[in-house]
Every structure is written in structure tokens, then in C-alpha cells.
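What follows is one structure encoded as C-alpha cells, with my remarks underneath.
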Amino acid sequence: MFHHARLLRLASSTHIRQQAVSLLSTIAPLPQQWRPTADILPLCAAALSLSATHLAHALAVVHGHLPFSVSVSAALILSYATHQSPPSTLLLLFTQTVPFSGSPFLHNTLIRACTILSTGPHKNYVVDLGILLYNDLLRHAPFGPDDYTFPFALKLCADFSHVFKGLEVHGRLIKAGFDDDVFVNNTLILFYGSCWDLGSAQKVFDGMPKRDMISWNTSLRVFSDNEHRLESIGLFKDMISTSGFMPNVISVVSVLPVCASLQDENLVCSIHSYVFKVGLNGEIKISNALVDAYGKCGQIEALQRVFDEMVERNEVSWNSIVGGFSYRGLNREALDCFRAMISNRVKLNTITVATMLPTLLELNLFGKGTELHCFSVKMGMDSDVFVANALIDMYGKCRRFTEASYMFHKMDTKNIVSWNTMIGNCAQNGHELDAIELLIEMQARGENPNSVTLTNVLPACARVGSLRHGMEIHARSIRLWSALDLFISNALTDMYAKCGRLDLAQTIFNISPRDEVSYNILITGYSQTNECSNSITLFTEMETLGLNHDIVSYVGILSACANISAIKEGKQIHAFAMRRLFHEHLFIANSLLDMYTKCGRIDIAMKVFDRIPKRDTASWNTMILGFGMLGEFKTAIDLFEAMKEDDINYDSISYIAVLSACSHGGLVGEGKMYFDAMLARNIDPSEMHYACMVDLLGRNGLMGEAMELINGLSTKPGANIWGALLGASRIHGDMEIGCWAAEHLLEIKPDHPGYYVLLANMYAEAGRFDEADRIRKLMNMRRVKKNPGCSWVETEDQVHGFVAGERFDPCLWSGIFG
């Protein structure tokens, strides 16, 4: 740690300054062989390496220019700063020479050197040094700051976002009378732009009594960098019409990215015309910016024409055309340009690699992506943050989670994109808990999550049902003032809905901006609960507001209609989908099948099924389950056999459907045959398959075989298996096996009321009323309540729900019976 303040006070003391003046007065004239200062200064300025700077420094010492020559010391300070030397080296030169300085020139030089070092490895040390130098000029030095001091100090404040110090400098320069200086005001505009205070930047610009080209270009760049696009374009037009200055290369290069972000191809063409008119078309920087702007505006022919007409091209030119093709999804063209780039022996840089990695991924050329990764390692590019982020994204999207994690954890420097990419990869590859842990680690390391972070991690919370973490993220989004961001509010609504808190999901929905996704989340959420009627209300509201229904909307609303047997509304939605040709989509057709089968209209379901041009496994499974539920077991089995003729492969659900049909139809032989066939197809039986087999055997009195099947399981039987055995025990009055099954059931699901009721009814039917009372008392003691039976009645275009024991509203009689 440098004792900056002590050294500065020491160097500025009057005593030392008087000693230095006395020493200079006694020095004899320089010998002829000593090199004059004019010979040393060019050496300092032309030093292209740190060793060259050391040589110039040594010559300056040998020939007696140091520590007496302020100009040589200043030149060496700037040269050392250019080569990112430690601040201690610069400070040593300064403290040795400052006693011989009679102006703020040397202070200004070291403050300027601090701004040069602000982007290098010593950036954490130079800001305090620069501010101490500025303060020294104000308080201790015999001379005050000049019109160069304030711009350098403001640049330092801008680089490190020292807003309050910058405001103090602004106040001081006004007091010193430099507020009319063009150079000072230009730096003030840059400072306020760096601090995102564009209102103050505009005030400084408007209040300037005199402006130069730099004033206009600085303002243009400030508004462009802060994405105030319309202000940037307005300023560019004013520059042409009222400023007296014609836009130069910097002006055009500043405004073209704004046009690209607005995708305003007409404005890009107008600027292109201006470039031709004033003869700037030969400037490589402008040509590169035009290639980039045309690419982002989708003007591929113009992009290609500008590129082909370039007399000179550099790496930026090639990167611009590759990026332009990639941005518009023309990945094959981007790859061709990349190959041409290699053929022309153009040096590949980190931008090239970071652009090409996602392009190769889109082309399913993962192998080429790994080759490019090897190239980046060989050239030392893999440590670049942009390349590393692209590699993490590539490996994550290819489900190579180990490689993505390795790339992330080996990064020395991570930015917000690095964290977001890795969190997104975890959330999308089944590592939801890792995504949540990364969010916690990210905050612990001082990186603030943004809206992308939150929209990545909230779905992970939803999938694992982590309501606590979801609510913590909600609280952070409120603190970040991003809770009303559409993407975040939708992610929050989805998280609460999937965590079973539809009340909170509805609250977020009510207070947030909404789009089709917002409605779809709630439609789907309510469709899986007892409040399915809310899905119908929301679907209707979407139509009223002019929002477009999509596949998710139709699938959600049809599921809701199926769950409450709202056949009338289901038919209306079917007709609605047909008018918009959505009924041809396979997902919606399958949802229609599900709705009609659950509403008991298997005849309509069969008509829909016959009209599906290309049926998938889900289509067949739905119909098999539907016929099985309605007792048409032979038809269900015939459909199962017909799947082979349609070249549809059976899946796990197909066998659940056919085994369920065999179980309800008492077809023991067929059930055993299909179960053996499933095993022969190497489909691993799930708990539901075993439950169907236990039910099949138990219903047909084969209790011994059912128990043998359960005892032979390699895994612990679940509630479905024990429930099937308990149901079969009740049918055959086997109290011993029933009690055995019930004991396991109440251990697995002690809060499920149905199992208590079933066991109590078994005891009652067997005349064991004391045991039945004991089960009911146990139910009360554990505070388990039986959900009342619920029915729906449809009248006057509304669905009314009724719970067992509830009084019927007399006003509905007329609607039901006319």
C-alpha cells in the first residue's frame, strides 16, 4: 500500500522547494557531451515496450535530466503508464521531480497516467492516487489547478463512477471560472454520460457558449452508449442542420449502431448516402459499421455489397459480416464467410470465436465447436470472458453439463453473462438445486442479479417446488425495481402456480403487465385444480382484450373442461379452434380427445381421432384409456393391437392403458401377456404398471399371486400398489390382507383421507364396528378430513359447483328445468 498522501505533502512542502531552487542556482552549466532534453523526449514518446522505456529512463538519469527536467519526467510517467507499470514507479518519478515543478503540469500528467492505468491490473490502486493528486493541487501546492487538471480529474471520476467527487470537481471548476472552456465541458459531458445522468449531460451541452466537433461527437456517443436512441438520432440531425460542423468518421460510427438497434433500414441508407456524398466511403471504420448495421436490419444484399466494395478489410470487417449473417439466422452463410476468412489468412480473434461457437451449435456441428474450442485453447483465447461464455453456452445446450461446469469454474474473471449462462444451463439440464446455489454464490461474490438471472432461476424453483427460494427471489426483484418487468412477473406467476400457491400467482397477475404468456400460465395452473372454471373465465377474457390464443391456451382450457366435464364449453372451444385452424395441431387434437373421453363422449372423440392425419403415441393412448374407462374393454384392446399397423411404438403409458383395461375387464390372461410383452421390449415397469397388475390379479381373486408379485419387487412398493391391494381386499372381504395393505398405506400417506374411509368401510362391512370407530377416531386425531364430493351443473352458460351437504340454489331450478 502506498503512502500517497504523505509523499504528496512532503513533495509539495515549501522547504524542499526552496532547497531545490537553491540547488539549481549552484549547478554548473551542463557539459557538451550531455544530451539535450529535446533528444530524450522523442525516445520516451517512441518507446514501444517497457524495456525501451527503461532505456530512455536510464539515459535521462545518466545525462542529468532527472530529477530536474519536468518535461522528461512527465514523458516517462506517461510511457510507464502506457505499459501498465506499477503506480509506485510513476509515483517515485513524480516525487523526485515535483520540487522542481513550477506549474500543475506534472500533477496533471500523473492524474492522466492514472486514467491510463484505470483499465489495467493496477486499477484498484490508481483511483485513490489520482484523487489525492487533485486534492494536493487544491490544498498544498503553491499553484492551483488549471484547465487541464479538471478534465483529467473528471475522466478519472468517470472511469470509476465516483459521482460525488465528480460533482465536487464540477463545482470547483465553476468557481475557478473554467465552465466556459470547451475542453472542460466536453469532459463534463463524458463524465455525466458515464454516470447515466443524461439530463445533466444535456444541460452542459446546451449551456456551452461554444462547441467544437468533439462536443457534438461526445454528446452523440454518450446518448448512443446509454441507449437513448431517439435523442442520438435527433442530435445527429441537428449536427448536420445547425452546428456548422459536418459529421466525421466518429460521428457516423457513433450513430450507425443506434440505427442498427432500432432496425431502421431507411436511416441506415440515408447515412450511407451521406457517407458517399462527403467522400467517407473509403474509411474502413465506417464500412465496418455499415456492414454491422445492414446485418442487424436484415438487409443482406446491402451488407454483402458494402463488404464486397471495401478496398481494405481487417478483422473487424470479417467479424462484422460473420456476425451479420449469424444475427439474422443465416448460419450456413456465416460458416462460409468464416471459412473464407481462414482462406484469406485473416487473424481470428476472440470476437470471431465467440460469434462462431453459437453458429456451429445452430448447425448441429458440435464436433466443429469442440475443434474451435481446441483452437481457442492453443491461441490462449479460452480465458477471454466472451469466448468462455460462448463455450459454457455451447456445452450447456448440448447437455454436456460437466464440460460447461468446468469452463465456468476455471474462469478467472466472470461477468453477469457468465453467471446467467451457467444458471440457465443448470436450470434447463435438471440441475435446479445447483442453479439456486449458484445464485446464492453469485450474490456472495458481490455480483448483483439482473432480470435475466431471475427469469433463469425462477423456473428452477418452480420445478423443484422450492417456494421459500422463490419468495426470496421475489423479494429481491422488488428491491431491484424489476418485479413489474413482464418477463419476471410471468416467471413469478409460473413459480407460484407450480408451487401450489395460485392465490399468490393471481395477485402477481393482477398487479403486473400482462401478455398471452401471463394468461396461459394461469389458465394452465387453474386447469389442474378444483378451480377449473377460472381457466374458462381467463380464456374468455383473453378474447375480449384482443389477445391471441395459442397452442398452450387451447391445451390448458381443454384440460380444464375435461376436469369438470364442461362438455358445452369444450364444444365451443373446439369450434373456436376450428375457425382458427388450431384443431389441426396434434397437441390440441390430443387435448380434444382427452376432453371428450373424460366427458363420456367417446363417439365424438373417435371422430376427432379418425380425422387426425398423423397420430402419435399420445393419441392412441388417450383413446385406449377412454374406452377402458367406459367399460369397452375389447375395443380398447383392439386399438392397442391396431397401433402396430399404424407403425406407432408402444411406450410406458400405452401399457398402463391396456393393463388398466384388462384389469377392469377381468382379462387376466391378456393382462399377463401384455405385461410380459412389455418386459420383452425392455420397458422398465413403473409403480403404475405393478399397481395395474396387482389390481388385475386382486380383482379376480388371485390374492396370493398379487402378494407374491408385491413381495418380489426390488423396490419398496408405493401407495398406488398398496391402494390396489386394499381395494381388491375389500371386494373379496379379505380383512387380513386388507389390514396389511392399510398399515403400509397409512404409513406412506398418513394425510390421505380416502384410505381411512376405505379401511373403516371394510371393518363396518365385516361387522367389526369397534375397529371402524377406531379408524375414524384415528382420522380425527390426525386431523385428516375427507374432501366432500363435488358435482357441477351447467345452466345459462355458467358452470356451478355443488359440494355434498350444500343447499341447492332455488334460482337455478328454472335454468335447469326450463
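One residue is enough: does segment 404-413 have a residue meeting the conditions at pLDDT below 90 and either within 12 Å of the chain's Cα centre (by Cα) or under 20 Å from LEU363 (Cα atoms) (or both)?
yes
In segment 119-157, what count of residues is obtained for those that are touching a residue at least 40 places away in the same chain (Cβ under 8 Å) and either surrounded by 19 or more Cβ atoms within 10 Å (Cβ to Cβ) or not small (Gly, Ala, Ser) (or both)?
19
Report whether or not THR413 is outside any loop (DSSP other than H, G, I, E, B) and either free of Cβ contacts under 8 Å to residues at least 12 places away in the same chain or among the β-branched types (Val, Ile, Thr) (or both).
So THR413 fails the test.
Exactly one condition in (1) over 22 Å from ILE240 (Cβ atoms); (2) out of contact with any Gly (no Cβ under 8 Å at 6 or more places or on another chain); (3) not hydrophobic (A, V, I, L, M, F, W, C) is not met by GLY279; state its number.
Among (1) over 22 Å from ILE240 (Cβ atoms); (2) out of contact with any Gly (no Cβ under 8 Å at 6 or more places or on another chain); (3) not hydrophobic (A, V, I, L, M, F, W, C), the lone unmet condition for GLY279 is (1).
Give me the pairs: first residue in segment 607-629 and assigned to a loop (DSSP other than H, G, I, E, B), second residue at pLDDT 90 or above, beta-carbon distance under 6 Å, and six or more apart or on different chains, which are they?
Close Cβ pairs (under 6 Å, with a partner that is at pLDDT 90 or above) amount to ILE612/ALA589; ILE612/SER619.
Looking at segment 295-307, is at least one residue closer than 20 Å to THR350 by Cα and surrounded by fewer than 19 Cβ atoms within 10 Å (Cβ to Cβ)?
No, segment 295-307 has no match at all.
Going by the conditions given, is HIS549 within 32 Å of the chain's Cα centre (by Cα) and without any contact (Cβ under 8 Å) to a residue 40 or more places away in the chain?
Answer is yes for this residue.
Give segment 576-600 a look and list any residue that's surrounded by fewer than 17 Cβ atoms within 10 Å (Cβ to Cβ), at negative phi and in a loop (DSSP other than H, G, I, E, B), or say none.
Matches in segment 576-600: ARG580, HIS585.
From GLU447, GLU472, which residue is surrounded by fewer than 23 Cβ atoms within 10 Å (Cβ to Cβ) and not in a helix (DSSP H, G or I)?
GLU447
If you go through segment 481-506, how many residues are in a loop (DSSP other than H, G, I, E, B) and in contact with a Pro (Cβ under 8 Å, 6 or more places away or on another chain)?
Going through segment 481-506 one residue at a time, the tally reaches 1.
So which of GLY120, GLY166 is under 27 Å from ASN226 (Cβ atoms) and part of a loop (DSSP other than H, G, I, E, B)?
Checking each option against the conditions leaves just GLY120.
Are any residues in segment 87-103 among the small types (Gly, Ala, Ser) and surrounded by fewer than 21 Cβ atoms within 10 Å (Cβ to Cβ), and if so, which ones?
SER88, GLY102, SER103
If you go through segment 237-268, how many residues are part of a helix (DSSP H, G or I) and surrounded by 16 or more Cβ atoms within 10 Å (Cβ to Cβ)?
Residues that pass the stated criteria total 16.
Could you identify the single residue in ASN364, ASN429, ASN415, ASN420 that is farther than 25 Å from LEU335 by Cα, among the polar types (S, T, N, Q) and surrounded by fewer than 16 Cβ atoms within 10 Å (Cβ to Cβ)?
Selected residue: ASN415, the only one of ASN364, ASN429, ASN415, ASN420 that is farther than 25 Å from LEU335 by Cα, among the polar types (S, T, N, Q) and surrounded by fewer than 16 Cβ atoms within 10 Å (Cβ to Cβ).
I'm trying to understand the selection: among the residues of segment 735-770, which are in a loop (DSSP other than H, G, I, E, B) and either surrounded by 21 or more Cβ atoms within 10 Å (Cβ to Cβ) or of a type in the set (A, V, I, L, M) (or both)?
Once the filter is applied, which keeps residues that are in a loop (DSSP other than H, G, I, E, B) and either surrounded by 21 or more Cβ atoms within 10 Å (Cβ to Cβ) or of a type in the set (A, V, I, L, M) (or both), segment 735-770 yields only ALA766.
Could you grab me the full set of residues in segment 475-515 that are aromatic (Phe, Trp, Tyr) and either surrounded by 15 or more Cβ atoms within 10 Å (Cβ to Cβ) or in contact (Cβ under 8 Å) with a residue 12 or more places away in the chain (or both)?
Answer for segment 475-515, where residues must be aromatic (Phe, Trp, Tyr) and either surrounded by 15 or more Cβ atoms within 10 Å (Cβ to Cβ) or in contact (Cβ under 8 Å) with a residue 12 or more places away in the chain (or both): PHE487, TYR496, PHE509.
Could you please let me know if ALA462 is in a helix (DSSP H, G or I), in contact (Cβ under 8 Å) with a residue 12 or more places away in the chain and under 22 Å from the mean Cα position of the chain (by Cα)?
The answer is yes for ALA462.
Check ILE564, ILE573 and return the single one that is farther than 19 Å from ILE653 by Cβ, out of contact with any Leu (no Cβ under 9 Å at 6 or more places or on another chain) and either buried (at least 24 other Cβ atoms within 10 Å of the Cβ) or β-branched (Val, Ile, Thr) (or both).
ILE564 is the lone residue from the list that is farther than 19 Å from ILE653 by Cβ, out of contact with any Leu (no Cβ under 9 Å at 6 or more places or on another chain) and either buried (at least 24 other Cβ atoms within 10 Å of the Cβ) or β-branched (Val, Ile, Thr) (or both).
Conditions (1) surrounded by 17 or more Cβ atoms within 10 Å (Cβ to Cβ); (2) touching a Lys or Arg at 6+ places or on another chain (Cβ under 9 Å), marked per residue:
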position	(1), (2)
ARG615	yes, no
PHE627	yes, yes
GLU632	no, no
LEU639	yes, no
ALA642	no, no
ASP646	no, yes
SER660	yes, no
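Can you name every residue in segment 312-343 that is touching a Gly at 6+ places or on another chain (Cβ under 9 Å), buried (at least 21 other Cβ atoms within 10 Å of the Cβ) and closer than 12 Å to LYS296 by Cα?
Matches in segment 312-343: SER320, ILE321, GLY323, GLY324, PHE325, SER326.
Take residues that are of a type outside the set (A, V, I, L, M, F, W, C) and modelled with pLDDT under 55 and tell me which of the helices (runs of 4 or more DSSP H) falling wholly in segment 8-103 contain 1 or more.
14-26
Only one of these is outside any helix (DSSP H, G or I), modelled with pLDDT under 90 and out of contact with any Lys or Arg (no Cβ under 8 Å at 6 or more places or on another chain): ASN548, ASN534. Name it.
ASN548
For GLY324, are the conditions met, namely being in a helix (DSSP H, G or I), in contact with a Leu (Cβ under 6 Å, 6 or more places away or on another chain), over 18 Å from GLU265 (Cα atoms) and in contact (Cβ under 8 Å) with a residue 12 or more places away in the chain?
So GLY324 fails the test.
The values are calculated or read from the model by the stated rules, or taken from the named source; none is laboratory data. A quick note: this is a predicted structure, and the numbers were derived from the prediction, not measured. A quick note on method: Cβ atoms are made from the backbone with ideal geometry, for glycine too, and the neighbour counts reach across all protein chains shown.
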